[in-house]
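See below for the structure under consideration.
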Amino acid sequence: MSKFAIATAGAVLLSATLLTSPALAAGDNQGGGQSANGNGHEGNTDSFSFGVIGDVPYGDAEIQAFPSYIQDLNAHKELTFVAHVGDIKNGSSKCTDEYFNSIKQNFDSFTLPLVYTPGDNEWTDCHRPNNGAYNPLERLAKVREVFFPKPGFTLGAPMKVKSQVQEGFPENVTFHKHEVAFTAVNIPGSNNSTLPWTGLGQTQPTTAQLDEVQKRTDADIQELKDTFRKARDNGDRAVVVMTQADMFDPTIAAPSQADFGAFKPLVQTLIEESNAFGGPVYLINGDSHVFNEDHPLATGSPWLSFYGQSTAAKNLTRVTVDGSNNAKDWLKVTVNPEDSASVMSFDRVPFTHPAS
């Protein structure tokens, strides 16, 4: 689902220091010194960073520039992995096997582990005539075939992750980095894939469509619960959840105007699990294309009433990455040493050769 926002002028490097927790890359619990952290377990004293991109490449210019974007990320040797939070194409281009394979070749050029979660543009919205009038469920199967050939390992440099492949969802993964729990779950825009497939002549969601939504949402919720449970058991300092969908799109004038109702059980789970965890929770998403850092489930947020929730989750911070026409930079997330005043910081790093 494409959304449009005002493009930022020029290249920017913005740092926003947030209250969160650390994590180290490469292998879990490897590298860096250790010191007592005051909460009854040993804490990592070294910082580490990872990169996040999303909603890219969009259109011919970005397709041409995309290999250079990957080179930029590869050049940052301090990164331990990169995440792509979905939408590997715009919403008005064809969802062909050839295109998927070309992006997979790009992904293979990452010298860092690449964690990828699908966006709506590469499957949910492929029913549109200008996308090729595909059955979205067939395209989702193709996305899984092309981009998750070795479930349990990332793309790029292989990094072992725990996958829901046995349940039929190889794209849903969790991994652990030095007292931070990470999960990437397939939550796409287009109201969690419930919008009718109008390009196939449908005016209401089909039975097959709704069945897929229910099974995937159940799997997403289970993955979230498992991630938070393990984080509590481990005494982790933070949880990071990565999705494509922006369930709290700030470009919408009022939540009451949003067609987001299908996200309700996922939002409810995030609230319940965030509060049960108690520590900092970070939701990193794409979809709305403009960098944003906020607290959409804090007390008084209109999104609480929209989703029918009476309990806030003030410890949840949401961060959206730049994308589409704003894909002039990538997001560098740094997990600071445990004795730092802040735990996690975010920097928008301009691409060396952004698409014109």
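The values are calculated or read from the model by the stated rules, or taken from the named source; none is laboratory data. What you see is a predicted model, and the numbers here were worked out from it, not measured in a lab. Cβ atoms come from the backbone with ideal geometry, glycine included; neighbour counts cover every protein chain shown. What goes into the accessible areas is simple: the full protein's heavy atoms, side chains included, and nothing from ligands, DNA or RNA. Shrake-Rupley method; radii C 1.70, N 1.55, O 1.52, S 1.80 Å.
Placing LYS225, LYS332, LYS162, LYS150 in order of accessible area, with the largest value first and a 1.4 Å probe, yields LYS150, LYS162, LYS225, LYS332. Residues VAL349, VAL333, ordered by accessible area of protein heavy atoms at a 1.4 angstrom probe radius and largest first, appear as VAL349, VAL333.
Taking the accessible area of the chain, probe 1.4 Å, and keeping the other protein chains in place, the carbon and sulfur fraction comes to 52%.
Here the scattering of the stretch 222-296 is modelled by Debye summation over its C-alpha atoms, one equal scatterer each and no solvent; at q = 0.12, 0.14, 0.24 Å⁻¹ the log10 of I(q)/I(0) is -0.36, -0.49, -1.19. At a Cα cut-off below 17 Å, give the aspartates and glutamates reachable from LYS314, other chains included and same-chain residues fewer than 8 away excluded. Qualifying aspartates and glutamates at Cα under 17 Å: GLU272, GLU273, GLU293, ASP294.
I'd like to compare 61-67, 334-340: which one has the highest average count of other Cβ atoms within 10 Å, and what's the full order after that? The partial results should precede the final answer.
Values: 61-67: 17.3, 334-340: 18.9.
The densest-packed peptide leads the list: 334-340, 61-67.
Across every direction, the projection of the convex hull enclosing the Cα atoms of the stretch 159-259 has a mean area of 8.6 nm². The alpha-carbon of LYS215 sits under 16 angstrom from the alpha-carbons of these lysines, leaving out residues fewer than 8 places away in its chain: LYS225, LYS264. The mean accessible area for residues of the chain, using a 1.4 Å probe and ignoring ligands and nucleic acids, is 38 Å² per residue. Computed as a quarter of the hull surface, the mean projected area of the alpha carbon convex hull for the stretch 206-331 stands at 8.5 nm².
Out of every Cα pair in the stretch 81-168, what percent are spaced more than 23 Å from each other? It would help to have the intermediate numbers written out before the result.
Values: 827 of 3828 pairs.
The calculated P(r) of the stretch 81-168 puts 22 percent of pairs beyond 23 Å.
Give me the number: length gained by fully extending ALA157 to LYS230, i.e. 0.36 nm times residue separation minus the C-alpha to C-alpha distance, one decimal in nm. Don't skip to the answer; put the middle values down first.
Values: separation 73, 0.36 × 73 = 26.28 nm, distance 2.54 nm.
The span from ALA157 to LYS230 would gain 23.7 nm if fully extended.
Across the stretch 201-249, Cα-Cα pairs more than 15 Å apart make up 63 percent of the total.
In the context of the full protein assembly, GLU273 retains an accessible surface of approximately 20 Å², using a probe radius of 1.4 Å and ignoring ligands and nucleic acids. Each residue of the stretch 294-301 was assigned a 3J(HN,Hα) from its phi angle through the Karplus expression (A = 6.51, B = -1.76, C = 1.60, θ = phi - 60°), giving 7, 10, x, 10, 6, 3, x, 5 Hz with x at Gly and Pro. Diffusion of the stretch 43-197 by Stokes-Einstein, at 37 °C in a medium of 0.692 mPa s and with Rh set to the Kirkwood radius over alpha-carbon pairs, works out to 204 µm²/s.
Taking the convex hull of the Cα atoms, report for the stretch 293-356 its projected area averaged over all directions, in nm². Can you show the working numbers first?
Working: hull surface 25.7 nm².
If I average the Cα hull's projected area over directions, I get 6.4 nm².
Amide hydrogen proximity for PHE351: with H placed 1.01 Å from N in the peptide plane, the residues at 5 or more positions away or on another chain lying under 5 Å are ASP329, TRP330. With the largest listed first and rounded to whole Å, the semi-axes of the equivalent ellipsoid of the stretch 132-183 from the Cα gyration tensor are 25, 11, 9. In this structure, the amide hydrogen of PHE81, modeled 1.01 Å from its nitrogen in the peptide plane, lies closer than 5 angstrom to those of GLY51, counting only residues at least 5 positions away or on a different chain.
In units of the rule-of-thumb radius 2.2 N^0.38 Å, the chain shows an alpha carbon radius of gyration of 0.93.
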